[in-house]
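The block underneath contains the structure these notes are about, expressed in structure tokens.
Every number in this text was worked out from the coordinates using simple rules, so none of it is lab data. If you're wondering where the values come from, they're calculated on a predicted model, not measured in any experiment. Cβ coordinates were reconstructed from backbone atoms using ideal geometry, including for glycine residues, and neighbour counts include every protein chain displayed.
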Amino acid sequence: MSRPTVTRKALVAALLKKEALAYSRDTLYLFLTGLVLVMIVVLATVVPDSVEEQITLGVSPPVSELIANATDELKRLGATEQQLAELDEADLAEGDEGLDLVQFETADDLSAVVKGDLEAWRTADGGLVLRDPGSGESKPTDAERLSVSIGIAFPPTFVSDVASKQDGVEVTVFSDASVPPEIQGAMQSFVREAGYQLAGEELPVTMPDEDSIVLGQDRSGDQISLRDKLIPMLAFLILMMETFSMSSLISVEVLQRTVGALLVTPVRVADFLFAKTVFGTGLAFSQGVVVLAIVGAFTTANWSVLMVTMLLGALMFTGIAMVVGSAGKDFIGQLFYSMAYVIPLMIPAFGVLFPGSAAPWIQVLPSYPVIASLVGASVYELGWPELWTSLAYALAWVCVIYIAGLVALKRKVESL
Amino acid sequence: MSLSRVLRIAKKDFALGPRSPLFLYTLLLPVVLTLVFQVAFGSLFAPQPRLGIVDQGDSEIAELLVAEEGIDVTLIDNEQELKQQVEANDLDAGMVLTPGIDEKIRTGARPPLDFYISGESYASNRIILTVTAIDTLRVVEGGNAPITVNVENFGEAGLPVSTRLIPVIVFYALVMAGVFTPGSSIVEEKEKGTLMALLVTPVRTSEVLAAKWVFGATLALAMSTVTLALNRALGGNALDLLVVLAIAAAMTAMLGLLVGVFSKNSTVLFGLLKGVGWFLFAPAIFYLFPNWPQWIAKLFPLYWIIDPIWQVGVMGERVTTVAFELAVAVAITIALVPLTLWLARRMQAQMAAG
């Protein structure tokens, strides 16, 4: 009697169906996985998408008043009408790049705001409104609350006094004690240097041309936000989290010896390993891609690189899940064993949050090229030409880890 | 309920506990987290501007900048390496001090200064480093500043990030020892059938749970104390802190019992903790961001134990100042008892049904 032939494709499909059924049977786990996905997306949405890179600095009196008060003295010192007009037209109130100047009429107002006795609000047209929070005044509408924790009170005749080299010119820096020492120190330096410049004293060194001193792409005003940095990290963490669920599925099969039962059917060890690979990789990959899509990480330029990177990452963690799962430990043992692999691999992901390049010892970790490619593609919008070396390095690690996983699981399955 | 049976079961858990890798993990976690959070993430939340200096001639400028408060100065061997580090944003800025630069500045020769800024450095850091460097050059130049700068400070300095991270670390110590350890112990006994075996003896379910609670609470009390000691946050009054930690340990251990009796197996336990972990963890984040509306933290159950630990352990307050918070924590703990017992009865019925 001839038995119907079962194709390998049908066997693998049946195994995948079994995996999906086992995974979906635990509705609580499924619900919680969905919940974590949603929370990660929410987290990526609520984290600030801009970088506050300016120091808010209060000054009194307004810069225009300081200049107006100095006009006569500057004329007496020989300034031409043209020089005065240029000074008048220069929008000094804009401040330097990196400084957000908030101008107060009096030193008392400035001091009260820094002290916290008054609130400073900037209206839509750029005006300044002071509010006494203790008086029950309503908050100004269409206005933004300013956080002025440091300010400089110049004497009204500051410019003319310094320009005419008078002795005893004093400037007061008001500061909240929580302002970091480097900012307090810098503001004092800033005032002193303003004094030197007004007194006509040149810098003691020749500074290079401004264009030539910035190394790398100048991102001033266009910094990478925490949200941008979090996106690749979260996608990576999702890949990593699936190590736990995948290794748990494998452990259960090993512990309960269901794999032995499978192997008395036409299923071969290779079919079993292939199905595990497809299911584990597909599960991690699809969850990671869904998160990346929801947070808008894909662009027409980076989608292919991102997809390949996620695939490599998913395959890497499937390999780890195979190694962990094939040990056939109980839940606690498996959790601890997973941690031993996963914690070192997490380090490059957290390294993304720090400025600058990763330390050499971090760069040799297997997960580094995956996270570096994710960051390159999603944050810096790099493409294949810039990332292929990193991806090749990732592929090499994936091959090593995946083959190790396959061998470990194959040996375990055959030993049962 | 027999106290002697409760203590006997608890003794068994203490004797067998160290064999579990989770137990080891619970012991190591506070140390590892203290190290990671305080050393690594402390600098993440409070980054200092980073300046690299190539000092080719023992310049006084380098000495003065190294001594500058709030600036992270690195001395580098050569200009090429400096430029590479600045370009990679390993440094916010860098400068090269050529041989004899101090003397040239003093004589008014205005020597060229090689100064580099990283394209990825924040505008605020550029200003801080540039004006600080120029001010230092003025000091070396030796002239008198044309103005006098007076500083008036208001208020008290904010707490450093390393201190504000303590609730996060204590949270993990409490949850691992108080929630995860007794929870997983119950689940493990269910899975291995030892709980069923226990229950066919004169031991009652409530006694097993009481023993697990003693186990979790003792471990949580010990680990939270160790964590606070590692972070030098033992407050001013040991007895006050002990009261606070005992209530915190009692509450977390009760949560541990709850998740243990609710979870039918390890996967559910892990999934449950993975899902509700955010809910438990939320109040600890508010200490990192004091400008957030703090009332939101009160919506989360662990706020009522984390805040008393913060007030008494970190801020050195007396236990009386957090009496209300502790009363809420005790009320939550007591409210969880009937729920836990009800779930335990359900668990027993499920085990009996096979």
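Distance from the Cα centroid of segment A:362-416 to that of segment A:125-151 is 53 Å (rounded to whole angstrom). Based on the alpha-carbon gyration tensor of segment A:162-286 and its eigenvalue square roots a ≥ b ≥ c, which shape applies: rounded if a/c is under 1.5, prolate if not and a/b is larger than b/c, or oblate? Since a/c reaches 1.5 and a/b is larger than b/c, the shape of segment A:162-286 is classed as prolate.
Report the Stokes-Einstein translational diffusion coefficient (µm² s⁻¹, integer) for chain B, Rh taken as the Kirkwood radius over Cα pairs, at 4 °C with viscosity 1.567 mPa s. Could you put the intermediate results ahead of the total?
On the way: Rh = 24.1 Å.
Here the translational diffusion coefficient equals 54 µm²/s.
In chain A, a dipole from Cβ-located charges (positive for Lys and Arg, negative for Asp and Glu) runs towards its positive end, and of A:400, A:279, A:12 it is A:12 whose Cα lies farthest in that direction. Once the Cα atoms are used to define both axes, helix A:368-378 deviates from the longest principal axis of chain A by about 60 degrees. Considering every alpha-carbon pair of segment A:237-376, the percent of pairs per 10 Å bin, from zero through the bin containing the longest distance, is 12, 37, 32, 15, 4, 0.
Against the empirical curve 2.2 N^0.38 Å, the C-alpha radius of gyration of segment B:1-95 lands at a ratio of 2.05. Convex hull volume per residue, computed on the Cα atoms of segment B:196-354, equals 126 Å³.
Based on the reciprocal of the average 1/r between different C-alpha atoms, the Kirkwood radius for chain A equals 26.7 Å. Placing a pseudo-label 7 Å from each Cα along the Cα-to-Cβ vector at residue A:411 and residue B:265 gives an inter-label distance of 2.7 nm. Each Lys and Arg Cβ is given +1 and each Asp and Glu Cβ -1; about its Cα centre, the protein assembly as shown then shows a dipole of about 7920 debye.
If you average the sequence gap of Cα pairs under 8 Å that are 6 or more apart and divide by the length of chain A, what percent do you get for the contact order? Before the final figure, lay out each step's value.
Working: 510 pairs, mean separation 71.4, N = 416.
Dividing the mean separation by the residue count of chain A yields 17 percent.
Springs between Cα atoms under 10 Å define the GNM used for chain B, and in it the highest mean-square fluctuation of B:110, B:138, B:164 occurs at B:110. In this structure, residue A:201 and residue A:117 have a Cβ-Cβ separation that, at R0 = 51 Å, corresponds to a calculated FRET efficiency of about 0.85. Since only B:51, B:196, B:256 are under comparison, the one whose Cα sits farthest along the positive direction of the charge dipole of chain B, derived from C-beta charges on Lys, Arg, Asp and Glu, is B:196. Between segment B:327-348 and segment B:63-113, what is the C-alpha centre distance in whole Å? For segment B:327-348 versus segment B:63-113, the Cα centre distance is 64 Å.
With springs connecting C-alpha atoms under 10 Å apart, model chain A as a Gaussian network and identify which of A:216, A:126, A:168 has the largest mean-square fluctuation. Result for chain A, Cα springs under 10 Å: A:216 fluctuates most. Taking a ≥ b ≥ c as the square roots of the eigenvalues of the Cα gyration tensor, segment B:169-285 is classed as oblate, since a/c reaches at least 1.5 and a/b does not exceed b/c.
With R₀ fixed at 60 Å, the C-beta to C-beta distance from residue A:135 to residue B:192 puts the FRET efficiency at about 0.30.
Reducing segment A:294-316 and segment B:258-291 to their Cα centroids gives an inter-centroid distance of 30 Å. Distance distribution note for segment B:55-122: the fraction of Cα pairs above 21 angstrom is 26%. When the Debye formula is applied to the Cα atoms of segment B:68-192, each taken as the same point scatterer, what base-10 log of I(q)/I(0) results at q = 0.09, 0.15, 0.21 Å⁻¹? Computed log10 I(q)/I(0) values: -0.52, -0.91, -1.25. Once you divide the Cα radius of gyration of segment A:235-312 by 2.2 N^0.38 Å, the number left is 1.37. Considering the zone a paramagnetic label at residue A:218 would reach in this model (a point 7 Å from Cα along the Cα-to-Cβ line), which residues of segment B:104-121 have amide N under 19 Å from it? Those under the cut-off are B:113-121. Once you divide the Cα radius of gyration of the protein assembly as shown by 2.2 N^0.38 Å, the number left is 1.16.
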